[in-house]
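To start, the structure under review is shown below, and the notes come after it.
Each value in this text was obtained by applying a stated rule to the coordinates, not by laboratory testing. If you're wondering where the values come from, they're calculated on a predicted model, not measured in any experiment. Positions of Cβ are backbone-derived with ideal geometry, glycine not excepted, and every protein chain shown enters the neighbour counts.
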Amino acid sequence: MTMPNVDLAAIEPPEQPLRPFRLLRTIVDNPIKAWPRAAYRDRLFRLRMLGWETVYVMAPDLIRTVLLDEADQVEKGELARRALGPVLGEAILTADGAKWRWQRRAVAAIFRQERVRSFLPEMIAAAERTRDRWRALPPGSEIDIAHEMMRTTFDIILSTVVSGRGEIDCDRMERAIVDYQESTSWIIALTMAGAPRWVPYPGIRRARRARAHLHGTLESLIAEAKQKPGDRNDLLSLLTNATDPETGRSMNDIDLRNNLLTFITAGHETTALALTWTFYLLSRHPEVEQRVRDEIAAVTGGGCLRAEHIDALVYTGQVIQEATRLYPPVALIVRAALRDLKLGDEEVRAGTTISIPVYAVHRHEALWEDPHRFDPGRFDPEAVKARDRYAYLPFGAGPRICIGQGFAQMEATAVLATLLSSFRLQLRSGHIPEPRLRVTLRPTGGMPMRVSAVRASALTSMQAAV
Ligand code: HEM
């Protein structure tokens with residue numbers, strides 16, 4: 001399919017690196033806006049702010065060096081520890097070295113494909129709850145798809161963390177996650193400016209209250225589950241019984257709390273954003289939307305989506321992959337060098353921050369033809385084989401690759417297919433959702449879209465042909 005060129009929301013990079021004060025202000029507002037044109041054109045560049053040096057790496061061979069070949073010589077570092085450590089502690093996402101290794105080994109089996117597949121009915125059921133909520137709306141209602149997707153994926157992650165969950169105030173918990181995240185830009189900017197940990201920042205009290213709420217909620221869930229042990233298929237019981245196959249070590253209550261909170265925060269918002277940006281791109285490319293709808297109808301025979309349909313939704317999967325290229329929910333991966341390293345010909349001193357600006361790598365002019373254009377054909381199997389593995393990193397790479405990748409892909413396909421077979425979504429005219437990096441890549445101003453039910457006759461052209 002030849003894809004038309006459609007103007008899409010994107011960041012216009014500054015031609016030259018910003019000067020220190022403007023750089024700091026931009027990092028607090030939207031760090032991607034601080035990445036100069038070089039991020040989309042060069043193999044590597046350096047940025048120095050006050051005493052803090054960062055090397056930005058875009059060339060796939062150098063990214064491979066950082067994430068795979070020299071993975072033992074880098075760590076998550078001070079930025080991650082200061083930004084996320086207070087709320088997530090030393091769990092899989094934030095720990096380094098031996099503390100990370102045993103936890104990753106202990107939970108690996110839980111995230112194997114066959115195991116994750118058993119969560120599909122929960123995923124589809126949550127998508128159907130969203131579908132039913134939308135069906136009850138007055139015709140032509142406008143809703144914020146970003147918020148709706150957060151609700152849906154939050155519903156899914158909570159149902160998989162604790163099956164038959166009791167009293168959780170979902171809205172309050174979501175608000176706490178957002179409140180905490182809002183504080184992280186300040187923490188990152190202050191860390192880069194060399195400020196010690198005790199320096200206060202705007203929103204510090206709100207962030208502390210949010211953390212207390214999140215910890216309290218998870219601790220009560222764990223205590224409740226321990227009082228009624230049973231044979232449940234949920235992450236809490238799987239994690240409670242998980243052991244490191246090498247040492248036999250299992251998780252104490254703090255490890256459980258921190259890891260469950262990690263799955264909830266790392267898992268729900270990222271997937272919600274992948275879906276939100278996918279809906280945005282589909283609304284701008286009706287011909288792709290129709291092809292996805294045709295595929296869904298052909299696979300499900302026009303009936304309800306079931307777990308066994310997911311693997312056959314191949315084109316739908318490609319559309320989601322292309323959406324996470326243009327708008328990667330994790331748009332920046334950060335490491336710190338533990339010792340002096342060589343990245344190609346470049347010396348990187350111990351302690352230097354190494355940033356992989358995923359958003360820019362995914363739009364790099366040397367790696368992608370017409371990089372800002374939406375084209376799911378880029379993920380045809382032949383095209384994928386011909387491309388460098390390290391040019392496309394929505395889930396990272398190497399030993400610290402996202403453990404929830406299979407979970408997220410199944411979930412996104414299930415939600416998209418369930419909703420798209422019932423509704424058409426149209427972006428509010430004139431709305432430009434600028435991508436803004438706040439740990440994850442969110443659309444500024446949300447994603448206001450008008451929902452209308454799809455008429456059965458408009459469902460598919462392919463169905464008629466079958
Ligand atoms: C579209 C959805 C998702 C995206 C784009 C995404 C992206 C990523 C990326 C890029 C990393 C690597 C970060 C780094 O190297 O610094 C990562 C790590 C991680 N993700 Fe995801 N993720 C998604 C969904 C999920 C889900 C559903 C879960 C769990 C239920 C999850 C749990 C984790 C965990 C625990 C890690 C840390 C792994 C480690 O350090 O060993 N993610 N994710």
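A few remarks follow.
- Hydrodynamic radius of the range 114-273 per Kirkwood, over alpha carbon pairs, in Å: 17.8 Å
- Expressed per residue, the C-alpha convex hull volume of the range 193-289 stands at 241 Å³.
- Coil-residue GluC sites (Glu not before Pro) of the range 207-313, DSSP, other Cβ within 10 Å capped at 13: GLU246
- Principal semi-axes in Å for the chain [√(5λ), Cα gyration tensor, largest first]: 33, 29, 22
- Projected onto its three principal axes, the C-alpha set of the range 74-193 covers 52, 39, 26 Å, listed from the longest axis down.
- Kirkwood-Stokes translational diffusion coefficient of the range 350-422, alpha-carbon pairs, 37 °C, 0.692 mPa s, µm²/s: 222 µm²/s
- Taking the empirical scaling 2.2 N^0.38 Å for compact globular proteins as reference, the range 220-375 has a Cα radius of gyration ratio of 1.45.
- For the range 297-343, the share of alpha carbon pairs falling in successive 5 Å distance bins from zero is 5, 14, 16, 11, 11, 12, 9, 6, 6, 4, 4, 1 percent.
- Considering the range 135-207, its Cα convex hull presents a mean projected area of 7.8 nm².
- For the range 171-236, the spread of Cα positions along the three principal axes, ordered from largest to smallest, is 50, 22, 18 Å.
- Lysine pairs in the chain whose alpha-carbon atoms fall under 30 angstrom of each other, counting only those eight or more residues apart or on distinct chains, come to 9.
- Kirkwood Rh in Å, taken over all unlike Cα pairs in the range 270-349: 15.4 Å
- Cα gyration tensor shape for the range 25-110, rounded if a/c is under 1.5, else prolate or oblate: oblate
- Tail beyond 15 Å, pair distance distribution of the range 227-269 (Cα, percent): 49 percent
- The range 1-57: equivalent-ellipsoid semi-axes (sqrt of 5 x gyration tensor eigenvalues, Cα, Å): 27, 14, 8
- Shape of the range 1-149 from the C-alpha gyration tensor: oblate (a/c of 1.5 or more and a/b not above b/c, with a ≥ b ≥ c the square roots of its eigenvalues).
- Stokes-Einstein diffusion for the range 312-443, with the hydrodynamic radius set to the Kirkwood value over Cα pairs and evaluated at 37 °C in a medium of 0.692 mPa s, equals 194 µm²/s.
- In units of the compact-protein estimate 2.2 N^0.38 Å, the range 203-251 shows a Cα radius of gyration of 1.53.
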